[in-house]
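J.: The structure follows.
The values are calculated or read from the model by the stated rules, or taken from the named source; none is laboratory data. Every value quoted in this text rests on a predicted model; they were computed, and no experiment measured them. Glycine gets a Cβ as well: all are built from the backbone with ideal geometry, and neighbour counts include every protein chain shown.
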Amino acid sequence: MASSTLHPNGDRRPTAIKHHTSPSLMMNSHFAPVGESPSREQYEHGIQVIDEDKEFNQNLSTYLNLEKIIPVGFNYHLISVFGSQSTGKSTLLNYLFGTEFGVMSERERRQTTKGIWMSKNKRDKEAKSMAENILVMDVEGTDGRERGEDQDFERKSALFALATSEVLIVNLWEHQVGLYQGANMGLLKTVFEVNLQLFIKDSKSIPKSLLFFVIRDHLGTTPLSNLRNTLLQDLARIWSTLSKPSGLENSRIEDYFDFAFVALPHKILQPEKFEEEVEKLSTRFRKGYNDPKTTGLLDDESLPVFLPQYHRRIPADGFSVYAEGIWDQIVNNKDLDLPTQQELLAQFRCDEISREVLVAFDETISPLEEKQTHDITIGKPTVLPELGAAMNAARLAVMKDFETNASRYHKGVYTRKRAELESKVDVRLKALFQKQLHAAHKSGVDMFSDSVSTAVKSGQKKGNNYDFAQIVESEKAKALAKFEADGKAVLVEGAPWSTYEQELVLYRKKLEEVSSRLRKEEMRRLATRVERWVRSRLGESVGLEFNKLGTGRGGSGAPEVGEKPPSEKDLWDRIWTVFTETVADAEGRFTDRARSFDASPEEVDVGLWRLRRKSWGVLSAKVDEEVMEGNILLKLRENFEDKFRYDEHGVPRIWRPTDDIEGMYTKARESTIALIPLLAQFKLARTSAPPPLDAWIGSPPLSVSPADEEDLAPIGGVDEDEGKSLEEEMTVLSDYKQQDLLVRFKKTADGVYVEAKRSAIGGMTQVPLYFYGLLLALGWNEIMAVLRNPVYFILLILVGIGAYVTYTLNLWGPIARMANAASQQALEVGKERLREFLESSDTGRQAMAMSGRANSTRGRDYDEISMEILNGDGKKKRGEDEDDLDDI
Ligand SMILES: Nc1nc2c(ncn2[C@@H]2O[C@H](COP(=O)(O)OP(=O)(O)OP(=O)(O)O)[C@@H](O)[C@H]2O)c(=O)[nH]1
């Protein structure tokens, strides 16, 4: 029985199939052993398949390749000849097939054919007929004196010939017919026995063989029919004596063999007739299968010899392996089990073919795999163009090549090996396929994100004139279309795993995630713009409300006629109203814009909640800025001055000594001082309570995420964790600051009071009239001296004219300007320096305000400068914020 062992490379190969030269595929021709260059001359007489020492020739496949047999598949025939030694076997074959087997010289009468030789039919080469692919085996003759009693080789060679050949020519002399030993009947008995055992596992699969009896030196005295009958009777007798395996007891010899008989004239005595008959016989070997059903006795000279049922179905490219395996089994006296041998051969060859076809597949696929791996390693998976086409072509080619070469082998093995190859190929293709989809996924998502960002940026450059939702939708559609195109392009025909539906679902989901992230970013940008707008609006309106503090009565900021002067007591009410109205306006704008992004109601709620909290922060900061030490002191001073230095009609007071300066001072001062506690706490006058900040902000929406909260400042009374009450949140000035402010204000007010007092006294100290009379009386002599002296008089007149001209032509101005130019220039330089300093820092403005108010004369310049700067800044900022307003 044939067995199999696991080859080191993982392949199962028949134990019988040892080191041999690979027959390889029909397209390859690398059979020649290393260092040996096969040539036709070398095989002029054919190849000795098995030598006299029973060694199998490893170059058989090389020979078959040289003779171009390897690629013919099943399109070849094998015929063997055996019979007694020196019965003209080689001579017959050489005549029939143009072979050049060694022929014994007439005189020596010794064995020439040793072992088993094989040669390809050399006739009809040009005709390219089917006969061209006939392989002929010349088997060492039996009964030879060289081997003596040792009949082992002839039995083994007969068995080998039977296992491989379609037709067995039994060569015998006419006079041997009827003799048991001479007609090789003993040998034939063995052949029949072995034939039964060859296919014992599956008796139905036993292929028929043709036993072609060639009777040599037929003299014609005994008709061929008689000789045939004698032989047939002998064969039937042998068959009946065979011990048949169970189940085959009633089998007939005709079930397994067809017979043909031909007689040839004596070659020496009737050479021409001999050649004529041989030529006639040779045509039978070159005929096609006109009637494949032909069976039984093939004596009709017109009938072909090679019938399909005789073919052993061993593909030509596997023949040498098969033959070697068979011989190995025979020579080692193992049970020869041809079906198993054929299965093993099929496994071996299928594996070999599989490896061969994978070489071309590797050449196409490996570079693609390497490229993918490299791209993934450097973190840039790319969609490989033409990958789909390459994969389809490679898969198709590998399977087709395999099918072409392996489908001739055992069907079951072929099907199994084909599936194995397919799964091997598909594992690699699937990996490529999935990595390609992964690359398409990643690059698609990146591209989507980039193109949305680019479109948004270009929209921003064009004045925020863009529709975010529309950009996202159009880019998403593009990204999906691209993914589908990439997926379709990489589909592998016939591969059940080749579908991208699942990946498309994941891709779509990822795009949704990215869209949501981009929308969130866009919402943040929107929120930032809205917050800036709120800051700008609150900066103006809250600043205005605080400025009104300085216009409590009259002054430049006095209310218009008919307008009710603003009450200082409801300052916070007005601020709260302005604040809530501004934020409500901003909320409306935010909501409208966010809806256009396709933002969910939850996302809008979160955005609004954040906006309210941030807006409160803006208001707090603005209030803090307004009540900053210098600012609030200035406001209080202005409030006080308006009350003290202007009357109820807004007309500046000219202080006279008779005025009740002290009374008015005390009244104005007390009235202003009363503002300090009012300013200290953000409290609504109508409710005498802080504004309902917690209710106004509202509780955080359920959908708020930690990321939404991380940049939010805590608010007292709203955030419980803050540990600060609403009262504390609403405290604008601490007690300490109030005290400090009070002291500073009083000092400022005192300064104003002293100035007023001095002004009142200054109005009283005029030059008395008698002083002028006294001057005239005491200077009389000097006046007269000037009038009487002509030189003095003329000088006086000239001075008078000069003074008059100067006065009438207003020449004093230019002179004075020239005088002042230098000092003005110095002042401008000083202003410029101060401007630079103030512009460079926020605290500069505070410093300006504080130092400006402390210095009454030069403070005017600083005030002007600071106002200029603030106005300049304000204009710039207002410009930006107006842009934001448009964006929103
Ligand atoms: N009488 C006769 N002699 C023949 C015939 N054919 C060949 N011979 C001669 O028989 C001798 C042996 O011929 P081979 O062809 O070498 O015989 P063989 O059977 O191949 O011999 P081995 O290979 O040694 O077994 C040669 O001298 C041939 O000339 C034939 O038809 N009749």
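J.: Name the helices (runs of 4 or more DSSP H) wholly inside segment 189-287 in which the number of residues that are more than 16 Å from the ligand (Cβ to nearest atom) and either acidic (Asp, Glu) or at pLDDT 90 or above (or both) is 1 or more.
T.: 224-241, 253-256
J.: Among residues belonging to segment 488-531 that are more than 21 Å from the chain's Cα centre (by Cα) and among the hydrophobic types (A, V, I, L, M, F, W, C), point out the one that is surrounded by the most Cβ atoms within 10 Å (Cβ to Cβ).
T.: Applying the filter and picking the extreme gives Val530.
J.: Say whether the condition of being outside any helix (DSSP H, G or I), at pLDDT 80 or above and either away from the ligand (no atom under 16 Å from the Cβ) or touching a Gly at 6+ places or on another chain (Cβ under 6 Å) (or both) is met by at least one residue in segment 13-29. Quick ask: steps written out before the conclusion?
T.: In the first step, residues of segment 13-29 are kept if they are outside any helix (DSSP H, G or I); the result is 13-29.
Still in the running and at pLDDT 80 or above: none.
No, segment 13-29 contains no residue that is outside any helix (DSSP H, G or I), at pLDDT 80 or above and either away from the ligand (no atom under 16 Å from the Cβ) or touching a Gly at 6+ places or on another chain (Cβ under 6 Å) (or both).
J.: For the condition in contact with a His (Cβ under 9 Å, 6 or more places away or on another chain) and in the same structural domain as Glu193 (by TED's automatic domain parsing), what is the one hit in Phe274, Phe261?
T.: Sole residue among the options that is in contact with a His (Cβ under 9 Å, 6 or more places away or on another chain) and in the same structural domain as Glu193 (by TED's automatic domain parsing): Phe274.
J.: Please find, within segment 207-256, the residue that is farthest from the chain's Cα centre (by Cα) out of those that are among the β-branched types (Val, Ile, Thr) and crowded, with 16+ Cβ neighbours inside 10 Å.
T.: Going through the qualifying residues, I end up with Thr222.
J.: Kindly establish whether Glu108 is within 16 Å of the ligand (Cβ to nearest atom) and either modelled with pLDDT of 85 or more or surrounded by fewer than 17 Cβ atoms within 10 Å (Cβ to Cβ) (or both).
T.: yes
J.: Same structure, new question: Taking the condition of being closer than 15 Å to Met447 by Cα and either assigned by TED's automatic domain parsing to the domain that holds Lys476 or at pLDDT 90 or above (or both), how many residues in segment 490-520 meet it?
T.: Summing the residues that are closer than 15 Å to Met447 by Cα and either assigned by TED's automatic domain parsing to the domain that holds Lys476 or at pLDDT 90 or above (or both) in segment 490-520 gives 8.
J.: Does Gly494 count as among the small types (Gly, Ala, Ser) and either part of a loop (DSSP other than H, G, I, E, B) or on the phi > 0 side of the Ramachandran plot (or both)?
T.: Numbers: among the small types (Gly, Ala, Ser): yes; either part of a loop (DSSP other than H, G, I, E, B) or on the phi > 0 side of the Ramachandran plot (or both): yes.
Here the answer is yes, as Gly494 does meet what is asked.
J.: Quick one: Pro367 ticks every box in (1) surrounded by fewer than 21 Cβ atoms within 10 Å (Cβ to Cβ); (2) not in a helix (DSSP H, G or I) except a single one, so which number is it?
T.: Just one mismatch for Pro367, condition (2).
J.: Do we find that Asp573 is touching a strand residue (DSSP E or B) at 6+ places or on another chain (Cβ under 6 Å) and in contact (Cβ under 8 Å) with a residue 60 or more places away in the chain in this structure? Working first, answer last.
T.: On the way: touching a strand residue (DSSP E or B) at 6+ places or on another chain (Cβ under 6 Å): yes; in contact (Cβ under 8 Å) with a residue 60 or more places away in the chain: yes.
So Asp573 fits the description; yes.
J.: What helices (runs of 4 or more DSSP H) lie completely within segment 673-774 and have 2 or more residues being under 60 Å from the mean Cα position of the chain (by Cα)? Full working, then the answer.
T.: Numbers: elements: 675-680, 693-697, 706-709, 726-729, 735-764.
Once the helices (runs of 4 or more DSSP H) in segment 673-774 are filtered for at least 2 residues that are under 60 Å from the mean Cα position of the chain (by Cα), what remains is 693-697, 706-709, 726-729.
For (1) within 16 Å of the ligand (Cβ to nearest atom); (2) at positive phi; (3) modelled with pLDDT under 60, each residue gets a yes or a no:
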residue	(1), (2), (3)
Lys122	no, no, no
Ala131	no, no, yes
Leu135	no, no, no
Glu146	yes, no, yes
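J.: Let me ask another. Could you check segment 595-626 and list, in sequence order, the residues that are crowded, with 19+ Cβ neighbours inside 10 Å and over 30 Å from Arg519 (Cα atoms)?
T.: Once the filter is applied, which keeps residues that are crowded, with 19+ Cβ neighbours inside 10 Å and over 30 Å from Arg519 (Cα atoms), segment 595-626 yields Lys622, Val623, Glu626.
J.: Starting from segment 83-105, keep only residues that are modelled with pLDDT under 90 and β-branched (Val, Ile, Thr), then list their pairs with residues that are near the ligand (Cβ under 6 Å from one of its atoms) and not in a loop (DSSP other than H, G, I, E, B) whose Cβ atoms are within a distance under 6 Å, requiring at least 6 positions of separation or different chains.
T.: Correct list of pairs: Val103/Ser90; Val103/Thr91.
J.: Restricting to segment 42-77, and then to whatever is more than 18 Å from Thr99 (Cβ to Cβ) and of a type in the set (Phe, Trp, Tyr), can you tell me which residue is surrounded by the fewest Cβ atoms within 10 Å (Cβ to Cβ)?
T.: Across segment 42-77, the extreme among qualifying residues is Phe74.
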